[in-house]
Structure formats: C-alpha cells, structure tokens
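Participant: Sharing a structure, written as structure tokens. Questions coming.
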Amino acid sequence: MSLLDVEGLELGLRTPEGGTVPLVEDVSFSLEAGRMFALVGESGCGKSVTAAAIGGLLPGSIVQTGGRIRWGGGNAVRRGEGIAYVFQDPGECLDPVFTVGSQIAESLRMRGSRRERREEMERLLRRVGFAEPGRVLASYPHQLSGGQQQRAMLAMALAARPRLLVADEPTTALDVTVQAKILRLLAELQREAGLGVLLITHNLGVVAEVADEVAVMYAGRIVEAGPVRTVLRRPEHPYPAALLRALPRLDAVRGDELADIPGVVPPPGRRGPGCAFAPRCARAAAVCRECVPPWRTAADGRGVACHHAGGVES
Amino acid sequence: MSAEDFAMRVEDLHVRYGRFEAVKGVSFAVRRGRCLGIAGESGCGKSSLARAILGLEPDAASGRVWFGGMDVLRMGRAERRAFRRRAQIVFQDTYGSLNPRMKAGEAIAEVLRVHGLARGKEAAERAAGWLETVGLTPDYAERFPHEMSGGQRQRVNIARALCVGAELLVADEPASALDVGMQAQIMNLLRRLQRERGITWLLIGHDLAAMRYLADDLLVMREGRVVAQGDAAELLANPPHPYLRELLAAVPDVPRALARRGAE
C-alpha cells in the first residue's frame, strides 16, 4: 500500500477579480514508505507549491481548486501531521536567537523526561553526522556552517517522527562536496527509518544520484513519471529529453555544444489549450497545440503525457 | 609564448580583508582568446580574485596584475578609465546590475554614452546591434528588466559589458541562477562570442561539468590557494590533486549515477 496518494491535484493563484489562474493541473502520484520520490522541473513548474499543498502549507494567495491528498489508508492528511519539511535555506528556517537544542526540543513535543529528551536529541544529532552533539545543542545557528545547519534541520525534522519527509531543494544552497554528504544522509535515513521522502529539485543529477522514482513537471503538469533509471536513461517526453541534453556532463569533450532549449516557459495564465511544451517542441504538430495530451502508461512502469509517445508516431 | 600571447598575467596576488586573507599568493596567466576557468567551492577566494584582478579591491589586493603592459593594481586615474573599457565583468545576479526603470535598449546606450563612445541616435542604433549580437530580437530594446527572463537579462548584461570594446570578460557564475535550458543558452553564447570576437574570458564557477565544456585552461582553488592548474581537459580527465578528485566525485552527474546504480 502506498504511503501517500495525490490524485488530480489542482492549485490556483487567486486573482484580484476573485477568480483563479491555474498553477498546477491534474497532478497525481503516489509515494511509498522507504522510497524517495523526486518531483523535478524548472522554476515556476509548480513543484514547490505541490509540496506545500501536501502539508497544508500553501500561502494565502494560492488555493486548492481540485483533487485529493490522502494517506495510503484513505484518511485525509491533517495539516502538519506526520509530515516534516526541510527547505533550501536552513539559515532562514532556524531562529537566530535560540540555540539549536531548544529548537529541536520544540519538535520533540515534550515527549519523555528532560533527560530522555536530551538523550534523544543527542542520538538524532549523532545520526545526522555530528560527532559532538552536546556542543551543537548549545550552538546558535550562525555558529554552524550551511551544511551543519542543514544537518540540524534534518535532526529537527526527524525529531517529529514523521512518516513523510518533504525536502524542497535541500542541497541547492550548498557546495557540491557538502551536497553529496547530505544526499547520502537523506538516502540512509529514508531506508533505515522506512521514511517516505518527497524530494523537490531542479537538478536531474541529484535525482539520478538518490531518487527511486521521478516525476518531471512542466508548466504545472507532470509530463513524464516512472522509475528513475527508466525515465532518465531514455525519456519519452521531449521535455525531459531536452533537459538531459542541455545538462553539462562530466564525460563531455571540449568543443561539444550544449543543446539549449529555445524559448521560455509560458507563465501561468498564458498556457495554451494544448500541450504547454508545444511552442518549444521540435515535434509539435497541430494536435499538440489544440489538445492536452492524455496520460499513457507503458509496460516499463513509466507514464507519459505526449501525443507522440508510445510509438504512435516516430 | 611571448608576452603578447597573454591577455593578463597575475603574479603573487594576495587579497586581505583586515586579518582575513581570502587569496593567499596566486599566480597565473590568461591566454589571449581563451577561456580560463577558476573553480572552487564557496569561500575558496575565487570571487575575491575576480574582483581584485579588475582593480575592484584597491585596498585589499597586493601583488602584480599585468594587463596591456600596465599593472592594474598601480594604475593612475586615466589609465584606470581606459582599463574599465577593456576589461569587464558579469555577475550571477542578473537583476543587480540593471536599473529596474531602464529599458534594455537604454541600458546598453547608457554605457556607450558614459564611456563617450556614442550618443543619441547612434547609441540607440549600436545598442540594437548589440541586442542582436547577444541573441535578442529588436523588440527587446523596449523591455524593462522585470519583463525579461533571467537568461534574457543576462544577455543584456553581456551586451553592456562587451559594447564598450572589452577584450577581457570576467564571468562570475554567469549561469548559476538560471534554469538548465537557459544555462545552456548563456554558455553557448559566451563560447560563440569567444570564437567569433576573440574575447578572452575568465569563467568563475563551481560547476566542473560546465568547465569541461567551456574552459581551455583551469585553475582550482581551495582556501585561497591554487591546488591544481593547467589544461582543463587534462586536469579533469586525470585529476592530480586529491581535492580535485573529491570535487569531481561529488558532482551529481546523470550518466555516472545511472551507471553506478545500475551496477548496485
């Protein structure tokens, strides 16, 4: 049974006239316990608002206009229950005037005696890689590096004993060597604690390193989803295929051209009636500009929303 | 190679902010018409170095920075003015260097006017030409910064940097704030400008995969010092220093990760 199901999620941005402009349309996916699911896409594709909607963290300007978010058992997700978040900028999430210890204690929600809580905090900090948890507990956020702050955030997230951890660009602000360590840690925690992890990122390299499943979003919709190896090895949708070709790779040869993606992402409210990628797609035909492509599932476990996918046209 | 083959030579450069030394004695030469990549993680001193060699850290920098037979760190006022035209910089933040109330065409014309290169109608015409050079259609002349994407703003910044006749362009993480598709556009543009106009450039960045595409020579920094220096392709294929190996191993790379996980 899945841990969490998102079905036909629709999110809209409120307009001053009282209407809404669609931001996220018909987004469905399921998360498994002990697995990492990545939602990947460029800025403005709707991945972060989708993540916020799951935990009931939508800002006032954005409303859910359709769809359901439910735990695997069928119960609706109650705001803040069973879900913990880590964000891109740990420095902004930690309160500068309190010690790390007092902030983690808050996540523990007064479980157990003072001594038990202290031991639990030290255990959590050791788990996220701190050799001297006592010193970290007494530290203020500014006394820690960016990577250490993100570890402290992870300890705080785990203290709440979540079933689902939502990590929204957790390593984007960090150096690559620190990023690699945090990603490894996330993957370990997810396996050990049977935690479901929803990873929000723009970085396909990060997805390839740690995620089990991936959904690629473009202009508010999922365009392709499935097992990471299947989707990233040979994407069927032209958008993830173009993203992969635009990505600098380590095995490149000097003088190789990066295949850029011409044009820009259509902003919300200016997406046409058809496939939102059509204006930038080399394979776009009349049907692409007129009808939203249906979601098709393939034998290899992936789903694709493209009129040309699945051998319909070469 | 004779001295003319180098656009810039840096000898024993130090940058000190009070007691903190950001750059601890760095020497290198930039070959004319080539791209020198300067790579390292945050705090390694790469941005301090970029600013110092352009004379933007007059109080903190010491050493020698040779450009066109003159030392950038010891220039007089008139020399400095001429140098500002010949060596330019673009930053990661595409908004920061643009006036939010100035349309793209005016923003380029303004630079030409300030440097006394053109005014009025001629400046506007040359600005239009530069928009085309950096891959923007003429209607972009009428757009304000907020009416453009990050990639389009960065094109305007590059046009502003080059329109004064710059021979050396320092690009400090020029594409890091952009989405993948835009990053590729900007990097391809910079390389086209290098090839077609013989621009010499320094690419400051942390992305070693991008260096692989763009840099002819590479300098890897850590804690203010150079840990590896040489032909970029050679260094990245056979990293001679453990820190460079660690950096390379940490780069999230799709083909490598899929291969590794396929074998697991």
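Readers should treat all values here as calculations from the given coordinates under stated rules, not as data from a laboratory. These figures come from a predicted structure and were not determined experimentally. Heads up, the Cβs are rebuilt from the backbone with ideal geometry, glycines too, and the neighbour counts pull from every protein chain shown.
Participant: Given all pairs of different Cα atoms, what value in angstroms does the Kirkwood hydrodynamic radius of the protein assembly as shown take?
Facilitator: For the protein assembly as shown, the Kirkwood estimate is 25.9 Å.
Participant: Find the centroid of the Cα atoms in the stretch B:57-101 and in the stretch A:94-108, then give the distance between the two in whole Å.
Facilitator: 44
Participant: From Cα pairs below 8 angstrom and at least 6 apart in sequence, can you work out the relative contact order of chain A, rounded to a whole percent? List each step's numbers first, then the result.
Facilitator: Working: 580 pairs, mean separation 64.6, N = 314.
RCO, chain A: 21 percent.
Participant: Taking the Kirkwood radius as the inverse of the mean 1/r across Cα pairs, report the Rg/Rh of the stretch B:96-192.
Facilitator: Working: Rg = 12.6 Å, Rh = 13.4 Å.
A ratio of 0.94.
Participant: Compute the acute angle (0 to 90°) between the alpha-carbon long axis of helix A:176-193 and the principal axis of greatest extent of the alpha-carbon atoms of chain A; round to the nearest 10°.
Facilitator: Here the helix axis deviates by roughly 80 degrees.
Participant: What number, in percent, do you get for the relative contact order of the stretch A:92-161 if the mean sequence gap of Cα pairs under 8 Å and at least 6 apart is divided by its residue count?
Facilitator: 46
Participant: Related question: Any chance you could check the Cα centroid distance between the stretch A:113-187 and the stretch B:111-187 for me, in angstrom?
Facilitator: 42
Participant: If you don't mind, another one. Determine by what factor the alpha-carbon radius of gyration of the stretch A:1-136 differs from 2.2 N^0.38 Å, reporting the quotient.
Facilitator: 1.29
Participant: Here is a further query. In a Gaussian network model over chain B where Cα atoms closer than 10 Å are linked, find which of B:Leu248, B:Leu49, B:Leu208 has the largest mean-square fluctuation.
Facilitator: B:Leu248
Participant: Over chain A, with a Gaussian network built from C-alpha contacts below 10 Å, which listed residue (A:Ala180, A:Ala131, A:Ala284) shows the highest mean-square fluctuation?
Facilitator: Most flexible of the set in this elastic network: A:Ala131.
Participant: Now, a different point. Quick check: from the Cα gyration tensor, does the stretch A:74-206 come out rounded (a/c under 1.5), prolate or oblate? Could you put the intermediate results ahead of the total?
Facilitator: Values: a/c = 1.61, a/b = 1.11, b/c = 1.45.
Here the stretch A:74-206 falls in the oblate category.
Participant: While we're on this one: Would you please classify the overall shape of chain B from the alpha carbon gyration tensor, given that a ≥ b ≥ c denote the square roots of the eigenvalues, rounded means a/c under 1.5, and beyond that prolate means a/b larger than b/c while oblate covers the rest?
Facilitator: The shape class here is oblate.
Participant: Over the alpha-carbon set of the stretch B:182-238, divide Rg by the Kirkwood Rh and report the Rg/Rh ratio to two decimals.
Facilitator: 0.99
Participant: Restricted to Cα positions, what overall size does the stretch A:92-161 have along the principal axes? Three whole-Å values, descending.
Facilitator: Its Cα atoms span 30, 23, 20 Å along the three principal axes.
Participant: Quick check on the stretch A:151-309: what are the equivalent-ellipsoid semi-axes from the Cα gyration tensor, as sqrt(5λ), descending, whole Å?
Facilitator: That gives 31, 20, 15 Å for the three semi-axes.
Participant: At q = 0.11 Å⁻¹, what log₁₀ I(q)/I(0) does a Debye calculation on the Cα points of chain A give, no solvent, two decimals?
Facilitator: -0.73
Participant: Let me ask something else about it. Relative contact order for the stretch B:93-217: what percent, with Cα pairs under 8 Å and sequence separation of 6 or more?
Facilitator: So the answer I get is 25 percent.
Participant: Follow-up question, since we're still on this one. Hey, got the dipole for chain B? About the Cα centre, +1 on K and R Cβ, -1 on D and E Cβ, debye to the nearest 20?
Facilitator: 520
Participant: Between A:Pro141, A:Pro16, A:Pro235, find the one with the highest GNM mean-square fluctuation for chain A; connect C-alpha pairs within less than 10 Å.
Facilitator: Result for chain A, Cα springs under 10 Å: A:Pro16 fluctuates most.
Participant: To continue, here is another question. Kirkwood Rh, Cα Rg: Rg to Rh for the stretch B:142-264?
Facilitator: Across the stretch B:142-264, the Cα-based Rg/Rh ratio is 1.02.
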